[in-house]
Amino acid sequence: MLQLDHIAVAGETLAEAVAHSEAALGIPLGPGGQHAYYATHNQLVGLADGLYFEAIAIDPSQPEPAHPRWFGLDRFKGPARLDKWILRCADIGAVLEVFPDLGEPVHLTRGDVSWTMIVPQDGMLPFDGLFPAIIQWHTDTPPGQALPATEVRLKTLRVETPDADALHDALAPVFADARVEMITATNPRLTAIFDTPQGERVLR
C-alpha cells in the first residue's frame, strides 16, 4: 500500500539544510518552491530509482501560519539533519483507516503540483518524529518522476529508535522495502547511505 517517495533534511534555515545536504550527497540541489499554507520553502534534487531528495525549512519571508507547521518544523532546533522520510500511497483515506490517529488529510498545491498529506494536529509525527509522513500525489508527474534523475542511489535508510520493534510492527501490514531498516537505538535519528559516483556517502 505504501512506497518510499522521498527523504528530507530539515534546517533552522533553508541555506543550512541545503549546505548539509550538498556536502553529504556530493551534488547540488536544484530549486524548489514555497508552501504558503505552512510558510515553509524547499529545494529538491532527483535521485535514482524514482526517488527524490528535499531540503526544507521555515520560510521567514512568509506570514506566520495560524496552525502548527508540518514536519515539526516549529520545534526544530540545532544543526541541519536528515529528519523525515515520506511514503506515498494511492488512497490516503485507506491509510487513515489503518492509522486513524495519525492526523488530518491536508490538501496542498505548489504551481501545477497537487498532493494530500496526513499531518498531525501539532505537526509532530509519532515515534519522536520518525514515523513516516504519508503523501498522496494528485498529478501525473510527481517530483520523483519529474525531476531529472542523478547517479545518487539510496542504498539504505536506517530508522534508529528505542521503539524500533513497535515501529516495524505498525508499518509491516502496509509497507515493506529492503532498503529501510528499523534499528533499536538509544538516540532517535535517521541515517541514509548512498551509492554515488564518488563512492559511498552517509547522511545523518
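Out of R153, R158, one residue alone is in contact with a Phe, Trp or Tyr (Cβ under 9 Å, 6 or more places away or on another chain), over 20 Å from H41 (Cα atoms) and not polar (S, T, N, Q). It is R153. Could you look through segment 168-204, keep only residues that are without any contact (Cβ under 8 Å) to a residue 12 or more places away in the chain and hydrophobic (A, V, I, L, M, F, W, C), and pick out the one that is nearest to A23 (Cα to Cα)? Step by step, filter segment 168-204, then rank; the result is A178. Here G26 clears all of (1) crowded, with 20+ Cβ neighbours inside 10 Å; (2) over 19 Å from I118 (Cα atoms) except the condition numbered (1). The set of residues in segment 39-63 that are over 14 Å from the mean Cα position of the chain (by Cα) and in contact (Cβ under 8 Å) with a residue 60 or more places away in the chain comprises A48, D49, G50. The single residue among I193, I134 that is under 28 Å from T109 (Cβ atoms), within 17 Å of the chain's Cα centre (by Cα), β-branched (V, I, T) and at pLDDT 95 or above turns out to be I134.
Return a yes/no flag: does segment 1-23 have any residue that is touching a Cys at 6+ places or on another chain (Cβ under 8 Å) and surrounded by 17 or more Cβ atoms within 10 Å (Cβ to Cβ). Scanning segment 1-23 turns up at least one residue that is touching a Cys at 6+ places or on another chain (Cβ under 8 Å) and surrounded by 17 or more Cβ atoms within 10 Å (Cβ to Cβ). Residues that are surrounded by 13 or more Cβ atoms within 10 Å (Cβ to Cβ) and of a type outside the set (A, V, I, L, M, F, W, C) within segment 185-204 comprise P188, R189, T191, D195, T196, R201, R204, listed in sequence order.
Scanning segment 20-61 for residues that are of a type in the set (D, E, K, R) and part of a helix (DSSP H, G or I) turns up just one, E22. Every test in (1) over 26 Å from L171 (Cβ atoms); (2) in contact (Cβ under 8 Å) with a residue 12 or more places away in the chain; (3) over 13 Å from the mean Cα position of the chain (by Cα) is passed by A66 save one, and that test is (2). Among the residues of segment 125-181, the one identified as of a type in the set (D, E), closer than 16 Å to L87 by Cα and in contact with a Lys or Arg (Cβ under 8 Å, 6 or more places away or on another chain) is E181.
Tell me, which strands (runs of 3 or more DSSP E) lie completely within segment 70-182 with 2 or more residues that are loosely packed, with under 14 Cβ neighbours inside 10 Å?
Here the list reads 104-110.
The values are calculated or read from the model by the stated rules, or taken from the named source; none is laboratory data. The shown structure was predicted, so the numbers you read here are calculated from the model rather than taken from an experiment. Cβ coordinates were reconstructed from backbone atoms using ideal geometry, including for glycine residues, and neighbour counts include every protein chain displayed.
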